[in-house]
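Chemist: Please read through the structure below; I'll follow up with questions.
The values are calculated or read from the model by the stated rules, or taken from the named source; none is laboratory data. From a predicted model like this one, the values you see are computed outputs, not experimental measurements. So basically every Cβ, Gly included, is an ideal-geometry build from the backbone, and we count neighbours across all protein chains shown.
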Amino acid sequence: MQNYHAPRLRVLIVDQDPQDRRRATEYLKMQRIGVVMSTDKPSDIIPYLTEFDCDLVTLDLSTNPNATLTLLSNIRSRFNSPLLATVPSYSGEALRVATLELGADDCIAKPFGLGEFLARIRALLRRRVRQHERDPSPGLPEPRHCRFGDWQLDPSTRQLAVVSGDSCVRLSKGEHTLLAAFLHAPLVVLSREHLLHAANVDEDSSDRSIDTRIMRLRRKLRPTPEMPEIIRTVHGFGYMFMLDVEDIV
């Protein structure tokens, strides 16, 4: 078993073929998708998912499909992470149908091209982003009087104050609205389209418009390089607010 630092999205790869496992792992890392664990032991999945968050799981059914299908059903009953199953091309339709009916979100036959493998992973992750962005209540999120990291936000004055000091930063109306969207969904990847809407930016504006706004907000949230990065770019998907948010009553 090999462990990797995951700087962005967290993918768990389970494949008993060492060559296929290494090939998939190296390719995803080249595409800036973090592989948190690459293992040949399906039994590793449940303990790992119980202890850690994971954005997506790839599970190979080439060896002992019946046992792996039971494991797949167990995973789906306990965890919500998207799951991409890989099956041997000679297995036929029956195994692919069983795989999907037992909870796999998608299925791909081996051997597969790495381009298609990546495209299917990205499609599942985009679907997950859209699910996180759904808000049953209409309208945009309201600004919150809250604390995150070393900062405390007062929505009535649009001021950020350093909790342990006297310095303050005043936000523009646009920066304040954009920050409210992040505070409404911390530790969740938000697409550029979602942020354009949340910041009340004209729909005809380009993605670069939101990138520029986020760059300005970042400068205010991280005035010195010694401070931790608060808004992280998730390449190919959008942005993530990296701190927990605590409401101030």
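Chemist: Does T50 satisfy being β-branched (V, I, T) and buried (at least 16 other Cβ atoms within 10 Å of the Cβ)?
Modeler: Against the criterion (β-branched (V, I, T) and buried (at least 16 other Cβ atoms within 10 Å of the Cβ)), T50 does not qualify.
Conditions tested, residue by residue: (1) buried (at least 21 other Cβ atoms within 10 Å of the Cβ); (2) farther than 30 Å from I230 by Cβ.
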| residue | (1), (2) |
| --- | --- |
| V11 | yes, no |
| R22 | no, yes |
| M30 | no, no |
| V57 | yes, no |
| L61 | yes, yes |
| N74 | no, yes |
| S77 | no, yes |
| L83 | yes, yes |
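Chemist: Checking E101 against (1) among the charged types (D, E, K, R); (2) buried (at least 20 other Cβ atoms within 10 Å of the Cβ); (3) farther than 22 Å from S43 by Cβ, only one condition comes out false. Which one?
Modeler: Answer for E101: the failing condition is (2).
Quick grid of which residues meet (1) at pLDDT 85 or above; (2) under 23 Å from R10 (Cα atoms); (3) within 23 Å of the chain's Cα centre (by Cα):
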site: K110; (1), (2), (3): yes, yes, no
site: L124; (1), (2), (3): yes, yes, yes
site: R130; (1), (2), (3): no, yes, yes
site: G139; (1), (2), (3): no, no, no
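Chemist: If you don't mind, another one. Taking segment 179-210, which residues are at pLDDT below 70 and β-branched (V, I, T)?
Modeler: Residue satisfying the conditions is V201 alone.
Chemist: Same structure, new question: Restricting segment 171-194 to residues that are in a loop (DSSP other than H, G, I, E, B) and small (G, A, S), which is surrounded by the fewest Cβ atoms within 10 Å (Cβ to Cβ)?
Modeler: In the first step, residues of segment 171-194 are kept if they are in a loop (DSSP other than H, G, I, E, B); the result is 171-172, 185-188, 191.
Narrowing the set further to residues that are small (G, A, S) leaves 172, 185, 191.
Details: S172: 13, A185: 18, S191: 19.
So the residue we want is S172.
Chemist: Here's another thing I want to ask about it. Which condition number in (1) assigned to a helix (DSSP H, G or I); (2) basic (K, R); (3) modelled with pLDDT of 80 or more is the one that R147 fails?
Modeler: That leaves (1) as the condition not met.
Chemist: So, one more: Sort out which residues of segment 218-249 are over 21 Å from the mean Cα position of the chain (by Cα), modelled with pLDDT of 85 or more and surrounded by 14 or more Cβ atoms within 10 Å (Cβ to Cβ), and write them in order of number.
Modeler: Passing the criteria: K220, L221.
Chemist: Working only within segment 30-59, note down all residues that are within 21 Å of H235 (Cα to Cα) and at pLDDT 85 or above.
Modeler: Going through segment 30-59, the residues within 21 Å of H235 (Cα to Cα) turn out to be 30-37, 53-58.
Scanning segment 30-59 gives M30, L56, V57, T58.
Chemist: All but one of (1) over 23 Å from the mean Cα position of the chain (by Cα); (2) crowded, with 17+ Cβ neighbours inside 10 Å hold for A94; which doesn't?
Modeler: Result: A94 passes all but (2).
Chemist: Out of the residues in segment 112-128 meeting the condition of being over 21 Å from R192 (Cα atoms) and touching a residue at least 40 places away in the same chain (Cβ under 8 Å), tell me which one is surrounded by the most Cβ atoms within 10 Å (Cβ to Cβ). Don't jump to the end; show me each part of the working.
Modeler: First pass over segment 112-128, keeping only residues over 21 Å from R192 (Cα atoms): 112-117.
Add one more test, that the residue is touching a residue at least 40 places away in the same chain (Cβ under 8 Å), and what stays is 114, 117.
Details: L114: 14, F117: 20.
Filtering segment 112-128 for residues that are over 21 Å from R192 (Cα atoms) and touching a residue at least 40 places away in the same chain (Cβ under 8 Å), the one surrounded by the most Cβ atoms within 10 Å (Cβ to Cβ) comes out as F117.
Chemist: Please go through segment 56-91 and pick out each residue that is within 17 Å of L124 (Cα to Cα) and either over 25 Å from the mean Cα position of the chain (by Cα) or of a type in the set (F, W, Y) (or both).
Modeler: Scanning segment 56-91 gives a single hit, F79.
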